[in-house]
Amino acid sequence: MKFIALLKKELRECLPFLIGAAVLLLVLGTLFLRLDAPRTYGGLYPDFKPASAINIYQLKQSSSLSLVGSLLWIFSIALGLAIGIRQFWVAFYSRTWDFEICRPTRRAAVLTAKITAAIIGFVLSVGLVWSLFYWYASQSSIWFTPLTGRLLTKGWIFIALGFVVYLGVAVAGLSTERWYTTKLFSLGLVLIVYIACVSEWRLWLILIFLVIGILILLLQVTEKFLNRQL
Amino acid sequence: MADVILKTSGLTKYYGSKLAVDHLDLKIEAGSICGFVGRNGAGKTTVIKLLLGLLKPTAGSASIFGCDSQNLTPDIRQRVGYVAEGHRLIRWMTIARLEKFQRAFFPGQWDREFFAEMIDYFELSKKQKVKHLSSGQRAQVSLALTLVPHPELLIMDDPTLGLDAAIRRQFLEGMIRLIMEQGRTVLFSSHILADVERVADRLIVIDKGVLRADCTTEQFRDSVKKVRFSFDKTPPEEIDIDGYLNSRRSEKELELTLVKTTEQKIADWAQKTGAEKFDIVQTSLEDQFIDYTAPQKRSRLFQWEKD
């Protein structure tokens, strides 16, 4: 009951960002897909057919869905920033931290509600739209480029990287350091995880980077949230 | 003897090198209504935040219902109502939504009728959004949300701060009406003595983080005296009377604030210094408090000094 109330509050507060990201991604992604369709099939490059492709890499790069993927990459970062700031910065600036923390519940429950809301938000917003695009692109007959499962996974990796950004922003928001340079130090770790993930092609290694990054940041968020003073 | 609800032992808090609370020892028994007073920056809010576990003490400890403030369990928090300074509530919620949110944390304790009655009493509508409420209305909603679960201990941090006289009066009347419930313990911080006087039966005075007085309002009133001595010459420079706190002087008059001094001692000092006469000036509790907590240098601000 208490947790549900907290979760509902967190979801409601993030709702404008979640809806905004989902709608924009849906509109821009559809636009990308539709504009790109004639280019790949009798459009700008009428000679480009699976048979004429040199290798699978070329095919993959030509996939319209990978264009949407770059949009997803941007939207995941933006969403991570927005949710992180909404949950962990605004409470201090609007001075509602006392009201949140003095609930007759454990601080850990308040934090869990925030993180759960963020995960649900990422999955239901950009995650759902991305999966929808993948399903649509794989159903459609107008794209000749084959869709690989890796493309779908890569999209979810971008979404997970958005979650890493969210955790980094959370750590920075909970930090009591006076200087903004020190306060934002956690974003350095986010950057390292990011670079490691996007520069690596082996999926298992990317997943390891992600898990390590998320675990370190989660520990930091938990420690700072449970011990944060005013 | 009544149970001790709230206790601090040697409670000390430093912000960097600045001392905010200095070895505070306090005990509040069940059923007492305590006015926690001090000037701005005296350390009232810090003490309250230490009590609620929102700040960690540098030294000493604080406990509520026998539970250390740093480890307050949800069960203990359920028994404590806290009205924070500034009444910061979740801005996007309506009063009805805020009620629903708050209700979830007090299963079986929430009195819907009482809440509706309070909202009605304060002439508010449940449909109103917090962001559209004035600071006075926010204070009223905050009070309602805190009182409706019938907390055994009510801690209010300067709840009338920033409210105009009319709203303050309405707020206090609402508060008085509601804290009359048997067994409820109240710690009410303020820097406005008139507010405290209306509500509290016990006065805790804090100044620069140090406990300066802990007594009933009557005891405080009887203890702090302002005495005006008249001289036919320049008043003496050295003031060596027991209980001397501060002074204000003019050419032939000396006004002293004294604490816990008998009239006999005052008369003796008047005779010793050659004062023509002395009068005990009638002052309000507010004036007594200001005199009691006024720093020495402040009384010199308006004093003409010869080179």
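Taking A:Leu111 as meeting all but one of (1) closer than 17 Å to A:Ser175 by Cα; (2) within 14 Å of another protein chain (Cβ to nearest Cβ), write down the number of the exception. All conditions pass for A:Leu111, except number (2). For segment B:101-121, a residue qualifies if it is in a helix (DSSP H, G or I) and within 13 Å of chain A (Cβ to nearest Cβ), and the qualifying residues are B:Phe101, B:Gln102, B:Arg103.
Of the residues in segment B:227-234, not one is touching a helix residue (DSSP H, G or I) at 6+ places or on another chain (Cβ under 8 Å) and open to solvent by 50 Å² or more (accessible area, probe 1.4 Å).
Applying the criterion of being surrounded by fewer than 17 Cβ atoms within 10 Å (Cβ to Cβ) and touching an Asp or Glu at 6+ places or on another chain (Cβ under 7 Å) to the residues of segment B:201-216, the residue that is farthest from B:Gly43 (Cα to Cα) is B:Thr216.
Among the listed residues A:Ser199, A:Ser175, A:Ser138, which satisfies the condition of being hydroxyl-bearing (Ser, Thr, Tyr) and either open to solvent by less than 50 Å² (accessible area, probe 1.4 Å) or in contact (Cβ under 8 Å) with a residue 60 or more places away in the chain (or both)?
That would be A:Ser175, the only listed residue that is hydroxyl-bearing (Ser, Thr, Tyr) and either open to solvent by less than 50 Å² (accessible area, probe 1.4 Å) or in contact (Cβ under 8 Å) with a residue 60 or more places away in the chain (or both).
Scanning segment B:270-286 for residues that are more than 12 Å from B:Arg221 (Cα to Cα) and not hydrophobic (A, V, I, L, M, F, W, C) gives B:Gln271, B:Lys272, B:Thr273, B:Gly274, B:Glu276, B:Lys277, B:Asp279.
Residues of segment A:92-135 that are aromatic (Phe, Trp, Tyr), closer than 20 Å to A:Leu230 by Cβ and free of Cβ contacts under 8 Å to residues at least 60 places away in the same chain: A:Tyr93, A:Phe99. Considering (1) out of contact with any helix residue (DSSP H, G or I) (no Cβ under 9 Å at 6 or more places or on another chain); (2) surrounded by 15 or more Cβ atoms within 10 Å (Cβ to Cβ); (3) among the polar types (S, T, N, Q), the lone condition that B:Asn40 does not fulfil carries the number (2). Find the residue count for segment A:86-108, including only residues that are away from chain B (no Cβ under 14 Å) and either crowded, with 19+ Cβ neighbours inside 10 Å or modelled with pLDDT of 95 or more (or both). Residues flagged as away from chain B (no Cβ under 14 Å) and either crowded, with 19+ Cβ neighbours inside 10 Å or modelled with pLDDT of 95 or more (or both) within segment A:86-108 amount to 1.
Identify, please: which residue in segment B:43-77 is under 30 Å from B:His132 (Cβ atoms), open to solvent by 10 Å² or more (accessible area, probe 1.4 Å) and facing chain A (nearest Cβ under 8 Å) and is, among those, nearest to the chain's Cα centre (by Cα)? So, considering only residues that are under 30 Å from B:His132 (Cβ atoms), open to solvent by 10 Å² or more (accessible area, probe 1.4 Å) and facing chain A (nearest Cβ under 8 Å), the one nearest to the chain's Cα centre (by Cα) is B:Lys49.
In summary, B:Gln137 fulfils each of the numbered conditions (1) farther than 30 Å from B:Asp3 by Cα; (2) more than 9 Å from chain A (Cβ to nearest Cβ); (3) at pLDDT 90 or above with the single exception of condition (3).
If you take the residues of segment A:1-16 that are more than 18 Å from A:Val126 (Cα to Cα) and in contact (Cβ under 8 Å) with a residue 60 or more places away in the chain, which of them is farthest from the other protein chains (Cβ to nearest Cβ)? Filtering segment A:1-16 for residues that are more than 18 Å from A:Val126 (Cα to Cα) and in contact (Cβ under 8 Å) with a residue 60 or more places away in the chain, the one farthest from the other protein chains (Cβ to nearest Cβ) comes out as A:Leu7.
The values are calculated or read from the model by the stated rules, or taken from the named source; none is laboratory data. These figures come from a predicted structure and were not determined experimentally. Note that we place each Cβ from the backbone using ideal geometry, even for glycine, and neighbour counts take in every protein chain shown. These area figures cover heavy atoms from the full protein model, side chains too; ligands, DNA and RNA do not enter into them. Shrake-Rupley method; radii C 1.70, N 1.55, O 1.52, S 1.80 Å.
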